[in-house]
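Derivation of every value follows stated rules applied to the coordinates shown; laboratory data play no part. Every value quoted in this text rests on a predicted model; they were computed, and no experiment measured them. FYI the Cβ positions are ideal-geometry reconstructions off the backbone, even for glycines, and counts take in every protein chain you see.
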Amino acid sequence: MKVKQIMLENPRTLHYSQTIRDACHLYRQTKVNCAPIVNDQNTVVGILTVFRLLEAIEEGATFATTVDQIMEKHLQIIDENTAFHDIREQTMDRLLIYNNEQKLTGVLTRIDLINKVHGALMNSEDRLAEAHEINKELRSVIEASYDGIIVVDSQGSVQMVNKSFFRVQGSDHDPMGGPIEQLTIVCRESLIQVYQRVMAEGKVMFERYTGKHLTELVITGSPVFDELDELVRVVISIRDLTQLNQLKLQTEQYSHELKSLRVKEQKDLIYHSAAMERVVNEALRVSGVDSTVLIVGESGVGKEVIAKTIHQNSPRVEGPFIQINSGAIPENLLESELFGYERGSFTGANKEGKPGMMELANGGTLLLDEVGDMPLNLQVKLLRAIQEQEIYRIGGRVPIKLNIRILSATNKNLEKLVKERKFREDLFYRLNVVSIKVPALRERKSDILPLAKHFLNKVNERYKMRKYFSYEVYKFLEEHNWPGNIRELANLVERLVIMSEQDTIFPDQLPEEFSVNQSSTPLRVTVDQIVPLKEARDIVETELIIKALKEYNSLRRAGEVLGVAHSTLLRKARGLGISYAD
């Protein structure tokens with residue numbers, strides 16, 4: 001610290017001809033205890049202190065006495081750039097401070113020095129207290145961090161760690177003061193590598209560590225520089241992503257389960273079989289992305305229902321779901337239906353023009369049903385529309401931007417059609433990003449009875465009826481081959497309900513194709529002796545329940561084929577002494 005940093009700068013002076021009265025007035029104005037005395041050339045010739053002034057008055061001086069008569073002429077003069085420690089040992093009452101040009105720039109008295117030192121000490125104490133509080137808060141912030149934090153100096157010595165470091169380290173070994181090489185943490189080598197890279201390059205560095213039991217850590221090293229821009233420390237944080245990854249997986253699992261429950265609540269999607277559960281899970285997985293999906297399967301298996309399931313569980317659910325059947329529209333009209341047309345494009349066209357199905361599906365999903373029947377000339381335009389996400393109306397010159405997801409469905413073997421040059425190979429690969437195959441109804445027989453009951457309830461509700469299927473009818477339905485799949489089943493149920501004159505529908509009302517599956521010998525019950533009707537009923541029910549439980553190995557399935565709720569079946573089984581745990 002230099003003298004000029006603690007002196008009283010630019011002090012007020014008195015001319016040697018001024019009086020004691022002038023000096024008192026100056027002291028009152030500036031609140032100082034001394035004043036340099038100058039001559040006509042503004043050269044300092046003396047100094048007058050308050051103490052000297054009081055002595056002079058005691059000696060008989062008056063307020064009219066000039067200051068040159070009482071001033072002190074012995075002057076102590078030093079340069080303003082003198083270091084304070086060079087003068088702190090010498091006896092000092094007051095010093096005149098000159099600059100390099102020998103001009104007066106300040107005054108330093110013992111009282112001024114005491115006041116400045118006292119002020120500096122008070123200021124230092126305040127700053128130390130403030131620094132202590134800041135350091136305390138900073139330490140609290142570091143300790144509150146969930147990430148493990150370790151501070152290493154430029155020599156590789158550990159200066160500080162927080163509590164989370166011990167959790168990540170997996171032990172209570174304190175590495176404070178030791179070298180970084182002696183850390184016991186599992187990611188030590190990666191941590192050392194980060195430290196060395198930060199020291200070498202002077203910038204933030206990252207490293208990922210993957211260990212046993214799906215442990216995943218992210219190590220971040222940050223440099224700390226001093227006022228001379230020298231790298232003095234490296235702050236290393238260790239973030240444990242293991243729990244975050246587990247939470248992410250759990251969230252995805254819960255989300256998938258929630259979607260599955262939502263799907264099962266859909267009225268048109270009825271299934272119990274593992275094969276259909278796999279199909280639905282595949283549909284749910286692809287619903288969250290915009291990839292094109294090809295849904296394949298025999299006619300009537302429910303490809304449209306799967307397409308709607310994908311749309312209803314996708315981010316596009318608020319957008320439209322548009323379906324166009326390539327096989328149901330004449331070839332000469334299919335292009336205009338798909339892409340739309342401008343007014344006056346062709347004879348018979350709407351005078352105002354018409355938007356196509358692709359345009360109407362903007363912001364939503366377009367299902368290209370029976371895409372295998374699409375003409376080759378339209379396949380080229382469709383491929384371009386999918387790739388560029390834009391179309392031109394027939395007769396139009398302005399492109400229309402699209403934001404649609406394409407789903408397609410077919411009951412044909414597109415790979416075979418590609419080989420026969422009846423379907424474009426490039427379009428096939430564009431549509432077949434994800435393929436979902438819906439199994440035929442005969443391949444998932446456990447879905448037949450739930451579907452039959454579902455269609456029966458719908459038809460009863462529609463026509464205000466209360467028709468039922470006998471147990472034998474359910475049996476025949478389950479054994480049928482169903483070449484028309486779900487569509488055939490739905491149509492059959494409606495026909496049976498409408499044509500039946502009785503509330504209960506029996507096998508003799510089934511179509512002729514079901515007779516091949518019927519046994520030539522009708523079901524008969526042999527009676528060896530006469531027993532009470534209630535006992536006979538219990539015997540028959542016992543045999544039927546045991547047979548159904550043994551054959552289907554499921555209380556719910558057995559209840560379905562017997563035509564009763566599974567809770568009712570369980571109650572009857574227990575009442576008849578039949579033990580079964582479902």
At what distance in nm do the modelled label points of Lys381 and Val44 sit from each other, each positioned 7 Å from its Cα along Cα→Cβ? 10.2 nm
What relative contact order, as a whole-number percentage, does the chain give when Cα pairs under 8 Å and 6 or more residues apart are counted? 8 percent
How large is the Kirkwood hydrodynamic radius of the stretch 145-240, in angstrom, based on all distinct alpha carbon pairs? 13.3 Å
Mean projection area, nm², convex hull over Cα of the chain: 60.4 nm²
Please work out the C-alpha center-to-center distance from the stretch 323-346 to the stretch 362-387 and express it in whole Å. 12 Å
At 7 Å along the Cα-to-beta-carbon direction for both Lys31 and Gln69, put a label point, then send me their distance in nm to one decimal. 3.2 nm
Potential lengthening between Tyr146 and Glu277 on full extension [0.36 nm per residue; Cα-Cα distance subtracted]: 43.0 nm
Can you work out D for the stretch 365-463 in µm² s⁻¹ from Stokes-Einstein, where Rh is the Kirkwood radius over C-alpha pairs, the temperature is 25 °C and the viscosity is 0.890 mPa s? 149 µm²/s
Taking θ as phi - 60°, what are the ³J(HN,Hα) couplings along the stretch 290-303 by the Karplus curve (6.51, -1.76, 1.60), each to the nearest whole Hz, with x for Gly and Pro? 9, 4, 6, 10, 9, 9, 10, x, 4, 5, x, 7, x, 5
Low-density loop trypsin sites (Lys or Arg not before Pro), the stretch 16-76, at most 11 other Cβ within 10 Å, DSSP non-H/G/I/E/B, are Lys31, Lys73
Rounded to the nearest 0.05, what FRET efficiency do Glu488 and Leu544 give with R0 = 41 Å and r taken as the Cβ-Cβ distance? Could you check? 0.90
What is the fewest-to-most order of Glu494, Glu101 by other Cβ atoms lying within 10 Å of their Cβ? Glu101, Glu494
In whole Hz, what ³J(HN,Hα) sequence does the stretch 221-238 give by Karplus (6.51, -1.76, 1.60; θ = phi - 60°), x for Gly and Pro? x, 10, x, 10, 10, 8, 5, 9, 6, 9, 6, 10, 8, 10, 9, 10, 10, 10
Based on the Cβ-Cβ distance of Ser154 and Arg127, what FRET efficiency does E = 1/(1 + (r/R0)^6) give at R0 = 35 Å, to the nearest 0.05? 0.85
Step through the residues of the stretch 31-47 one at a time and calculate ³J(HN,Hα) from phi using the Karplus curve (6.51 cos²θ - 1.76 cosθ + 1.60, θ = phi - 60°), rounding each to whole Hz and writing x for Gly and Pro. 6, 10, 10, 7, 8, x, 10, 10, 9, 5, 8, 6, 9, 5, 10, x, 8
Taking every alpha carbon pair in the stretch 443-517, what does the distance histogram look like in 5 angstrom bins from 0, in percent? 3, 16, 31, 28, 16, 5, 1
Want the number for Tyr463 to Gln5: 0.36 nm per residue separation, take away the alpha-carbon distance, what's left? 154.5 nm
Radius of gyration, Dmax [the stretch 252-439; alpha carbons; angstrom]: 17.1, 56
CD proxy, 222 nm, the chain: helix-only mean residue ellipticity via -39,500 (n - 2.57) per DSSP H run with n ≥ 4, per residue, nearest 500, stands at -13000 deg cm²/dmol
If we sort 136-146, 427-437, 218-228 on the protection proxy, mean other Cβ atoms within 10 Å, highest first, what's the order? 427-437, 218-228, 136-146
Fraction of the pair-distance distribution of the stretch 3-116 above 19 Å, Cα-Cα pairs, percent: 43 percent
Taking H as built 1.01 Å from N, whose amide H comes closer than 5 Å to the amide H of His15, not counting residues under 5 places away? Val38
Can you give the extra length, in nm with one decimal, that the chain gains between Arg52 and Val232 once fully stretched, where that is 0.36 nm per residue apart less the Cα-Cα distance? 59.2 nm
